[in-house]
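Q: Here it is: the structure, laid out below.
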């Protein structure tokens with residue numbers, strides 16, 4: 001696998017379920033991100049991990065819980081979600097302190113909360 | 001806090017013609033980066049072009065070029081010789097220089113349709 005991969009690609013869950021989204025980057029980067037992309041709103045930055053430490057938690061509800069066990073993997077744990085949480089969740093990675101500052105994005109997980 | 005505004009929700013262009021996408025931003029920072037990202041239908045978002053604010057020369061990548069007006073806080077994207085594969089959502093993004101984590105602030109996006 002190359003680049004940034006995300007699993008699952010599609011997820012349907014009830015409001016009482018617990019599920020996790022997984023992101024893996026194969027680029028040797030040391031910063032990873034979760035974004036939420038809704039139909040009517042700009043991309044919203046949810047969480048940032050740099051060198052495996054969380055540096056930003058953008059006022060995200062506690063029903064979203066990130067985990068970054070190492071520089072290559074990022075998880076988003078979901079529990080008791082609301083229908084308005086239905087969206088495309090994008091993962092990205094970049095090289096902290098690098099010269100290009102480019103973020104590489106995964107294909108996203110399309111989440112539907114019923 | 002920074003804000004990024006893309007005033008054109010949708011645009012269309014005929015194949016082989018030129019189109020310009022607008023982006024304005026608001027910041028009190030003097031050192032920053034600006035980006036255009038492209039998100040094709042059902043495909044991954046990719047970087048199109050990048051501009052460092054300290055550089056006066058406008059960035060160019062093949063058919064893609066920017067018009068960066070720092071004083072006006074404007075950063076438009078010009079696509080020359082449009083191709084069907086350019087059909088996508090285009091996002092303008094801002095990044096403050098030197099912040100931990102390289103965090104991006106995105107605009108709302110412009111949906112571009114290239115017509116044959």
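Read-outs: derived from the displayed coordinates by stated rules, not from any lab. Small disclaimer: the values here were computed from a predicted structure and weren't measured. Neighbour counts are summed over all protein chains in view; Cβ atoms, including those assigned to glycine, are modelled from backbone coordinates with ideal geometry.
Q: For the protein assembly as shown, what proportion of DSSP beta bridges, expressed in % and rounded to the nearest 5, is antiparallel?
A: Numbers: 73 of 82 bridges.
Antiparallel: roughly 90 percent of the beta bridges in the protein assembly as shown.
Q: Specify, per residue and in Å³, the volume enclosed by the convex hull of the alpha carbon atoms belonging to the range B:57-116. Mind dumping the intermediate values first?
A: Values: hull volume 7.0 nm³, N = 60.
Convex hull of Cα atoms, per residue: 117 Å³.
Q: Okay, next question. Run through all the Cα pairs of the range A:10-114 and give the fraction in each 10 Å bin from 0, expressed as whole percent.
A: So the P(r) values, bin by bin, are 16, 50, 29, 6, 0.
Q: Another one. Pairs of alpha-carbon atoms within less than 8 angstrom and 6+ residues apart define the contacts here; what relative contact order does the range A:56-105 have, in percent? Don't skip to the end; give the middle numbers.
A: Numbers: 35 pairs, mean separation 11.0, N = 50.
Relative contact order here is 22 percent.
Q: Ranked highest first by average number of other Cβ atoms within 10 Å, how do A:80-88, B:28-36, A:24-32 line up? Write out the running numbers ahead of the final one.
A: Working: A:80-88: 14.9, B:28-36: 16.8, A:24-32: 18.7.
The peptides rank, most packed first, as A:24-32, B:28-36, A:80-88.
Q: Turning to a different aspect of this structure: Going from the alpha-carbon gyration tensor of chain B, what semi-axes, largest first and in whole Å, does one get by taking the root of 5 times each eigenvalue?
A: For chain B, the ellipsoid semi-axes come out as 24, 15, 12 Å.
Q: A follow-up question, please. Report the percentage of all Cα-Cα pairs in the protein assembly as shown whose separation exceeds 21 Å, rounded to a whole percent. Write out the running numbers ahead of the final one.
A: Details: 14788 of 26335 pairs.
The share of Cα pairs beyond 21 Å in the protein assembly as shown comes to 56 percent.
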